[in-house]
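**Student:** Just dropping this structure here.
We did not get these values from a lab; they are worked out from the coordinates using the rules stated. Predicted model only: the values in this text are computed from it and were never measured. Cβ atoms come from the backbone with ideal geometry, glycine included; neighbour counts cover every protein chain shown.
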Ligand code: FES
């Protein structure tokens, strides 16, 4: 189990316990915690609704793949700390990560 801090759209932070051995990607973990992520592409790096900003720990993450980079490129609010959470698989390197939810969709 690792810990990831998530800042929601209201600026509130919560510390999540995240299993790194269940085969879930970070988007699926966030949805399991009932964060409002549509994930309309099902984790294919296409919809960008799982867009997050890495506030702390970015240097410990694996490089973005081509699909992730191509999708991030289409976002007006993406910057060098942007990632698609569906493309990140929790592992020990992500312990202590601090992220902020970016994409926001009214339900
Ligand atoms: S869930 Fe669609 S890009 Fe991540």
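**Student:** With the structure loaded, tell me whether residue 71 is assigned to a helix (DSSP H, G or I), farther than 16 Å from residue 90 by Cα and near the ligand (Cβ under 8 Å from one of its atoms) or whether it fails that test.
**Tutor:** Yes, satisfied.
**Student:** Determine whether segment 7-15 contains at least one residue that is surrounded by 15 or more Cβ atoms within 10 Å (Cβ to Cβ) and without any contact (Cβ under 8 Å) to a residue 40 or more places away in the chain.
**Tutor:** The answer is no; no qualifying residue exists.
**Student:** Looking at segment 12-35, which of the residues that are out of contact with any strand residue (DSSP E or B) (no Cβ under 8 Å at 6 or more places or on another chain) and either within 18 Å of residue 103 (Cβ to Cβ) or in a helix (DSSP H, G or I) (or both) is farthest from the ligand (Cβ to nearest atom)?
**Tutor:** 12
For every residue, the table says whether it meets (1) surrounded by fewer than 20 Cβ atoms within 10 Å (Cβ to Cβ); (2) out of contact with any helix residue (DSSP H, G or I) (no Cβ under 6 Å at 6 or more places or on another chain); (3) under 15 Å from residue 6 (Cβ atoms).
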| site | (1), (2), (3) |
| --- | --- |
| 34 | yes, yes, yes |
| 38 | yes, yes, no |
| 57 | yes, yes, yes |
| 67 | yes, yes, no |
| 81 | yes, no, yes |
| 92 | yes, yes, no |
| 97 | no, yes, yes |
